[in-house]
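Written below as structure tokens is the structure these notes are about.
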Amino acid sequence: MHVRLALFATLTPYLPEPSEADESTTHERTIDLPDGATVGQVISSLGLPDEPRVVFVNGRHADDDGILADGDRLAIFPPVAGG
Amino acid sequence: MPYRDAPVTGSDEDAVLHKRLASARVGIIGLGGLGSNVAWMLVRAEIGTLVLVDFDTVDPSNLNRQFYFADQVGRLKTEACMENLLRIDPNADLVVTNTRVTENNLAEIFANVDLIIEAVDTAQDKAMILSVAGEALPGVPLISASGLAGYGSANDIVTRRLTDDVWMVGDLVSDTSDHPLFASRVTVAAAHQAHMAVRILLGLTEP
């Protein structure tokens, strides 16, 4: 299945190489995943640092055990300190 | 504020805008560099009710950017902020709670607000609020901030819409761990948050 992956800010260096369908200039990629893949599995495979992050699937918050479906849009945002 | 109850002298549109803001209830999580400044901006915008939450006291180091005064050092930020806001508008409707917002109390404290402003300090708390608010209060707009430290260009601070319900203000990368804080840049971010709040309450969702 295919999932649209968006990584923001300091996470953009962890984006996979763009596929033919991707525009390499954006912070989004299309990734190919086995059926039943979870958010946590994607995070592990990308090697994201163990720092605070927020995960959205189709614009709704999702936990690491959330199961992805074909066509989902997975977005991961790392807030930084300061307020 | 003297003009809160005065007749609106502009067009009918002005009266409608004023009414929308005056009937709104906005929550602010954290009354530091962002939240204390967002609060006075929203009081001046004559937002109906502000729900203000913080657990901290005013520290001398806060005075370089936060909406407090030297004679308020040591006092609870909730109380000092309320006092200052009431000097701007003695009729402002303020609900203050002195506590740390957690995943267990967020939904209760901010039940019935029209919009939430995340203005906390740590990345962990920001992530928690972004996660919990989306789950517990679906459909309530959340305006968060990330990346406002340092003396990088003020023009790098922008408002983005992350999801249908989440807006993010900041340059996304300037962390307080390795950048100092300046009132000028912090207040730019606070103004972005306050202005996005006004726009959302007036029915405009694009940054």
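The values are calculated or read from the model by the stated rules, or taken from the named source; none is laboratory data. The structure displayed is predicted, hence computed values, not measured ones. Note: ideal-geometry Cβ built from the backbone for every residue, glycine included; neighbour counts use all protein chains shown. Keep in mind that these areas ignore ligands, DNA and RNA; they rest on the heavy atoms of the full protein, side chains included. Shrake-Rupley method; radii C 1.70, N 1.55, O 1.52, S 1.80 Å.
Assorted remarks:
- Sequence of A:TYR14, B:TYR151 when ordered by accessible area, the most exposed leading, probe 1.4 angstrom: B:TYR151, A:TYR14
- Within the range B:51-169: Cβ-based charge dipole about Cα centre, in debye rounded to nearest 20 (Lys, Arg +1; Asp, Glu -1): 300 debye
- Summed side-chain charge close to B:THR99 - residues other than B:THR99 whose Cβ falls under 11 Å, Lys, Arg +1, Asp, Glu -1: -2
- Considering only chain B, percent of DSSP beta bridges that pair antiparallel, nearest 5: 20 percent
- FRET efficiency estimate (nearest 0.05) - Cβ-Cβ, B:ALA154 to B:ASP59, R0 30 angstrom: 0.75
- Rounded to the nearest 20, the size of the Cβ-charge dipole of chain A about its Cα centre is 280 debye, with Lys and Arg at +1 and Asp and Glu at -1.
- In percent, rounded to a whole number, the relative contact order of chain B is 23, using alpha-carbon pairs under 8 Å and six or more apart.
- For the range B:39-45, backbone phi angles converted through the Karplus equation (6.51, -1.76, 1.60; θ = phi - 60°) give residue-by-residue couplings of 4, 5, 5, 6, 5, 5, 7 Hz, Gly and Pro being listed as x.
- Three-way shape label, the range B:12-201, alpha-carbon gyration tensor, a/c 1.5: rounded
- FRET efficiency, 1/(1 + (r/R0)^6) with R0 22 Å, evaluated for B:THR97 and B:ASP164 via beta carbons: 0.20
- Number of partner chain Cβ atoms within 10 Å, mean per residue of B:17-28: 0
- Along the range A:50-62 the Karplus relation, 6.51 cos²θ - 1.76 cosθ + 1.60 evaluated at θ = phi - 60°, assigns HN-Hα couplings of 7, 10, x, 8, 10, 10, 10, 10, 6, x, 10, 4, 9 Hz to successive residues, with x for each Gly and Pro.
- The residues of the range B:12-201 expose on average 41 square angstrom of accessible surface per residue, using a 1.4 Å probe on protein heavy atoms.
- The range B:12-201, accessible surface, carbon-and-sulfur percent (1.4 angstrom probe): 49 percent
- Across peptide B:163-175, the mean count of Cβ atoms from other chains lying within 10 Å of each residue's own Cβ comes to 4.
- Build a GNM of chain A with springs between Cα atoms under 10 Å apart, and of A:ASP32, A:ASP50, A:ASP70 the one that fluctuates most is A:ASP50.
- Residues whose amide H lies under 5 Å from that of B:VAL166, counting only those 5 or more places away or on a different chain, are B:LEU142; hydrogens are built 1.01 Å from N in the peptide plane.
- Accessible solvent surface per residue of chain A, calculated while the other protein chains remain in place, 1.4 angstrom probe, Å²: 50 Å²
- Beta bridge orientation in the protein assembly as shown: antiparallel %, DSSP, nearest 5: 40 percent
- For chain A, the square roots a ≥ b ≥ c of the C-alpha gyration tensor eigenvalues yield an a/c of 1.5 or more together with a/b not exceeding b/c, which makes the shape oblate.
- Charge dipole (the range A:1-67, unit charges on Cβ, about Cα centre) - positive-most of A:LEU46, A:LEU15, A:VAL57: A:VAL57
- Ordering of B:26-38, B:110-122 by burial proxy (mean other Cβ atoms within 10 Å per residue, highest first): B:26-38, B:110-122
- Listed values for the range B:22-36 are Karplus-derived 3J(HN,Hα) couplings in whole Hz (6.51 cos²θ - 1.76 cosθ + 1.60, θ = phi - 60°), namely 5, 9, 8, 10, 10, x, 10, 9, x, 10, x, x, 7, x, 5, and x replaces Gly and Pro.
- Three-way shape label, the protein assembly as shown, alpha-carbon gyration tensor, a/c 1.5: prolate
- Overall, the accessible surface of the range A:2-77 at a probe of 1.4 angstrom is composed of carbon and sulfur to the extent of 47 percent.
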